[in-house]
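To keep things clear, I will list the structure first and then write my remarks on it.
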Amino acid sequence: MESPRHDDESHGGAAATALLHEMLLRARRDGEEPELSDEQLRSNDQLQEDEMLALEAIYGDNISILSAKDGLRCFQVHVHCEIPDGISVSAELSRDDNRDQNSRFFDTFSVQHLAPISFTCLMPPSYPSHHAPYFTLSSQWLDTVKVSSLCLMLDTIWSQQLGLEVVYGWVQWLQSLHFLILVLMMPDSMMGPVDVRVVAEIVSVESAVQWLISYNEEQCHESFLIGLHDCMICFTERAGIDFIKLPCGHYFCQRCMETYSRMHVAEGTVLKLLCPNDKCGGIIPPGLLKRMLGDKDFERWERLTLQKTLDSMSDVAYCPRCVTACLEDEENNAQCSKCFFSFCTRCRYLRHIGERCISPEEKLLSLQDRNKVRQLSKGNFARRINLANEISSIKEVLRSSVLCPHCGTAISRVSGCDHMLCSNCRQPFCYACGKPLHRGHSRIDRENSAGETLKVNPSSLITEMKKELVEERSRQHPCPTCRQLNPKMGNNNHIFCWACQVHYCALCRMVVRKSSEHYGPRGCKQHSVDP
């Protein structure tokens, strides 16, 4: 237990001490302080010393020893009250400075820690045998009329136990009654007798409420730091100082939060970097992220967040020349603010008002023609490489993706059904046919549609199916060993029979021992198109 503080200025200690000495002098002048024998004075002094030792041991940092004249004992106790289950407080507040009834409203908030009441006490030589201690009370959230009622209650307690030590009982009573008198914070009337022992400033209800809320938040945070808590990620019990508490109220240990944040930044899923509680989704403040990630990862988080935000905006396009974000107009055109290039956001070519957009196939042919011309001339080598890369990219897009029918963005399917959602415009479409989704656009509807066709014209459908089967068999190449029909993989004439595990050539139908000897200038072509 730390020793009590020795401070004359603690929470109005100087003003309270001066008032107490004035009260003592007035009592002596009025004859209220009796003349005691030396033996009685020594007895009182011993009782006061014992009581002070007990108070210092019980209240520790909450008691401050104040200097007093004539060697008298003077001290101040900050009386705290903690309510584990919390208590709801309703207050009538005003929206502005005027006191118009129309601008007033009721606000309800919950507190677990009430702001302390300052109890300042001076023990006269006649205490505890003949006279009660002189005291003052002050509070920043109770009005003077209510504090005066507390002073009268302390006088009543003294009258019930004359000649005994009463200071500890007073403080205990203030702590136990503290939460009950909270309802008196909203006074029915500010008029009433004010006790001279009240040391308080007249404050507004709004200021008192703000003080209560601020103090409660500070005390709750301090209680959290010194307590033990379980991390809901790693389920490890740690001290509160090792936790990170989010604005939503959920808390996790610092190690798990740092790992969680760095994982999302490394994988680029910064929009999912929210409260780890699966039912919350609260945001994590940027200042807290910077403290957990460090400067390098935080810069990456800022860059990715900006990029993801721009990508999610349907009216943002990127300049094909300098890759600067541009705003798209109603006609799907945009102008770069950096290089001033005006382009079409659909085909990413030069702006073409009144003309249709060039298709990816036409763009590929155009780039191939430009590539042929530049191969004949001595152009910039770097530009030729960029052109070749662009041609390869468009080929890959046409081969492995489907263009969104709404915005023209190329979408590739990794797995799942044909129901796709465009990552650019967030519109649904069918991956199988490349058309927008509508009611009834599903596999079952397509099967029902096929069944209706079968009912309408079954003979033509059977004839068409037989024709497809014949064509399919004609594209099969029999194995020279077991006669099992096997298809070619693209234009590759080298076939592997799954039945007898033999490699053979689709052109000459001979078993291939070494492909390097069978195919070549003097042998069969390894790649050719079937007639």
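Miscellaneous remarks
- Taken over segment 105-144, the criterion of being surrounded by fewer than 20 Cβ atoms within 10 Å (Cβ to Cβ) and assigned to a helix (DSSP H, G or I) is satisfied by no residue.
- Selected residue [open to solvent by less than 60 Å² (accessible area, probe 1.4 Å), in contact with a helix residue (DSSP H, G or I) (Cβ under 9 Å, 6 or more places away or on another chain) and modelled with pLDDT under 90] from 205, 147, 196, 166: 205
- Test result for residue 305, open to solvent by 40 Å² or more (accessible area, probe 1.4 Å), modelled with pLDDT of 80 or more, within 20 Å of residue 422 (Cα to Cα) and not in a loop (DSSP other than H, G, I, E, B): no
- Some residue of segment 230-241 being under 30 Å from residue 136 (Cβ atoms), in contact with a strand residue (DSSP E or B) (Cβ under 6 Å, 6 or more places away or on another chain) and buried (at least 17 other Cβ atoms within 10 Å of the Cβ): no
- All strands (runs of 3 or more DSSP E) inside segment 204-269 with 2 or more residues being within 30 Å of residue 79 (Cβ to Cβ) and of a type outside the set (Lys, Arg): 228-230
- Selected residue [out of contact with any Leu (no Cβ under 7 Å at 6 or more places or on another chain), modelled with pLDDT under 90, under 28 Å from residue 296 (Cα atoms) and outside the structural domain of residue 110 (by the TED database)] from 279, 272: 272
- Segment 479-531 - residue that is among the charged types (D, E, K, R) and in a loop (DSSP other than H, G, I, E, B) and, of those, least open to solvent (accessible area, probe 1.4 Å): 488
- Contact map, segment 503-531: residues that are in the same structural domain as residue 482 (by the TED database) paired with residues that are modelled with pLDDT under 85 and among the hydroxyl-bearing types (Ser, Thr, Tyr), Cβ distance under 6 Å, separation 6+ or inter-chain. Pairs shown: 526/519.
- Where a residue in segment 281-296 is within 17 Å of residue 250 (Cα to Cα) and its partner, wherever it lies, is exposed (fewer than 12 other Cβ atoms within 10 Å of the Cβ) and not hydrophobic (A, V, I, L, M, F, W, C), with Cβ under 7 Å and at least six apart: 282/247; 285/247
- Only a single item in (1) more than 53 Å from the chain's Cα centre (by Cα); (2) at pLDDT below 85 is not met by residue 129, and it is number (2).
- Every residue from segment 309-324 that is out of contact with any Cys (no Cβ under 8 Å at 6 or more places or on another chain) and either in a strand (DSSP E or B) or of a type in the set (Gly, Ala, Ser) (or both): 312
The values are calculated or read from the model by the stated rules, or taken from the named source; none is laboratory data. Keep in mind the model is a prediction, meaning the values are calculated, not measured. In this analysis, Cβ positions are derived from the backbone assuming ideal geometry, glycine residues included, and neighbour counts consider all displayed protein chains. Keep in mind that these areas ignore ligands, DNA and RNA; they rest on the heavy atoms of the full protein, side chains included. Shrake-Rupley method; radii C 1.70, N 1.55, O 1.52, S 1.80 Å.
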